[in-house]
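Working notes, structure below.
The values are calculated or read from the model by the stated rules, or taken from the named source; none is laboratory data. Because the structure is predicted, anything quoted here is derived from the model rather than measured. Every residue, glycine among them, receives a Cβ derived from its backbone with ideal geometry; neighbour counts consider all protein chains shown.
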Amino acid sequence: MEYRDARGDEGAEEQLVLERVKTENMAKLLLATNNPGKVFEYKSLFQGLPYEVVTLAEQGIATEVDEVGGNLEENARLKATALAAETHLLTLADDSGLEVDALGGEPGPLSHRYAGEGASDADRVSYLLSRLKDVPWSERTARFRCVIALAMPGGNVEFCHGECPGIITLEPCGEQGFGYDPIFYLPELGKTMAELSLDEKNRVSHRGMAAREACQVLARLKNSILK
Ligand code: ITT
C-alpha cells in the first residue's frame, strides 16, 4: 500500500507532513522498541537512510504499550501508532515471533511472554526445548516472522513483512543475536542464527527482509515530502 494512495484525507495528511519537515521532526525515525537486540539490528539495517534513527531510550521515553492484538500486525500497529501519537514522530514498531509447526504455530505473537512474565531469553529457550522434548529432527520445522508497522504522526500506517524458515535444534548453540537465535538452525548455512555475525543475520533474517522493504517505503516517503 503506497503512502500516497493510503491517504484518507488527502490535503490534511500532506499538510501535517510538511509541517513536520519544517520543524525537522520528520527527518527523525523513532524505533519504538524496548528490545536492545532489535535496536542493534535496525541501527545497522538503516545505515545510510536519509533519516536520523532515534530510540525510545535516546528520547527519554518510557512508554510500554500493551500487546493485546491477536496477531503480529495488530501488535505492531498498536505499538507504532501509540508512540507516533505521543511523540509526533514518524515511528517504526516491530512485532516478531517464532512459529513452530509441531506446536501448531506457537509461540507466535506470544514469543516474548512464552515462559511467563519476567522470563529471560535463556528461560524462553529452555521452555521451548522442553515443549519439543520428544519431537524428532524432521518435525522441528519453524519460521521467524517479522511485521514492521510504520506510523505517520497523522495516523496512516504502512506494513512490511519478513519471514525466515529454519529448524529448532536439540540444544542451544552460538553467542550472537538474541531471543531464540541459539536454537534456530539455518540448513543452507549449517549454523544457528546465534552463530552468524550481525551482517550475516541481517542478510537472511525475517527482520532484514522486512527492513529492506521498509527502506523502500521510507525513501519513497522522503521523496514525496521533498517534492
Ligand atoms: P518490543 O515489543 O519492545 O519491540 P519485544 O522483545 O517484546 O520488544 P516482541 O513483542 O516483538 O518484542 O517479541 C518478540 C520476541 O520474539 C522477542 O522477545 C524474542 O524472544 C523473539 N524474537 C523476535 N525476533 C527475534 C530474532 O531476530 N531472534 C531471536 N528471537 C527473536
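Residue under question is residue 118, and the condition is that it be touching a Cys at 6+ places or on another chain (Cβ under 9 Å) and either at pLDDT below 95 or surrounded by 15 or more Cβ atoms within 10 Å (Cβ to Cβ) (or both); does it hold?
Working: touching a Cys at 6+ places or on another chain (Cβ under 9 Å): no; either at pLDDT below 95 or surrounded by 15 or more Cβ atoms within 10 Å (Cβ to Cβ) (or both): yes.
Against the criterion (touching a Cys at 6+ places or on another chain (Cβ under 9 Å) and either at pLDDT below 95 or surrounded by 15 or more Cβ atoms within 10 Å (Cβ to Cβ) (or both)), residue 118 does not qualify.
Would you pick out the residues in the stretch 61-97 that are within 14 Å of residue 28 (Cβ to Cβ), away from the ligand (no atom under 13 Å from the Cβ) and in a loop (DSSP other than H, G, I, E, B)?
88, 89
Under the condition of being among the basic types (Lys, Arg) and more than 11 Å from the ligand (Cβ to nearest atom), which residue from the stretch 182-227 is surrounded by the fewest Cβ atoms within 10 Å (Cβ to Cβ)?
The selected residue is 227.
For the stretch 85-98, which positions are over 15 Å from the mean Cα position of the chain (by Cα) and over 18 Å from residue 215 (Cα atoms)?
Scanning the stretch 85-98 gives 85, 86, 87, 88.
Mind checking whether some residue in the stretch 29-51 is part of a strand (DSSP E or B), exposed (fewer than 15 other Cβ atoms within 10 Å of the Cβ) and at negative phi?
First, the residues of the stretch 29-51 that are part of a strand (DSSP E or B): 29-31.
Those left that are additionally exposed (fewer than 15 other Cβ atoms within 10 Å of the Cβ): none.
The answer is no, given that none of the residues of the stretch 29-51 is part of a strand (DSSP E or B), exposed (fewer than 15 other Cβ atoms within 10 Å of the Cβ) and at negative phi.
Suppose we filter the stretch 151-188 for residues that are among the hydrophobic types (A, V, I, L, M, F, W, C), more than 21 Å from residue 128 (Cβ to Cβ) and at pLDDT 95 or above; how many remain?
Matching residues across the stretch 151-188 total 4.
Which pairs have Cβ atoms under 6 Å, sit 6 or more apart or on different chains, and link a residue in the stretch 168-182 that is closer than 22 Å to residue 146 by Cα to one that is within 12 Å of the ligand (Cβ to nearest atom) and among the small types (Gly, Ala, Ser)?
Every condition considered, the pairs that remain are 168/142; 174/194; 176/194; 177/194; 178/37; 181/194; 182/174; 182/194.
If I filter the stretch 46-59 for residues that are at pLDDT below 90, more than 15 Å from the ligand (Cβ to nearest atom) and among the acidic types (Asp, Glu), do I get at least one hit?
Initially, the stretch 46-59 is screened for residues at pLDDT below 90, giving 48, 50.
Right, trim to more than 15 Å from the ligand (Cβ to nearest atom) and you get 48, 50.
Next, from what is left, pick out any that are among the acidic types (Asp, Glu): none.
Looking through the stretch 46-59, none of the residues is at pLDDT below 90, more than 15 Å from the ligand (Cβ to nearest atom) and among the acidic types (Asp, Glu).
Would you check which residues across the stretch 121-135 are surrounded by fewer than 13 Cβ atoms within 10 Å (Cβ to Cβ) and among the acidic types (Asp, Glu) and list them?
Let us first name the residues in the stretch 121-135 that are surrounded by fewer than 13 Cβ atoms within 10 Å (Cβ to Cβ), namely 122, 130, 133-134.
Result: 134, single match.
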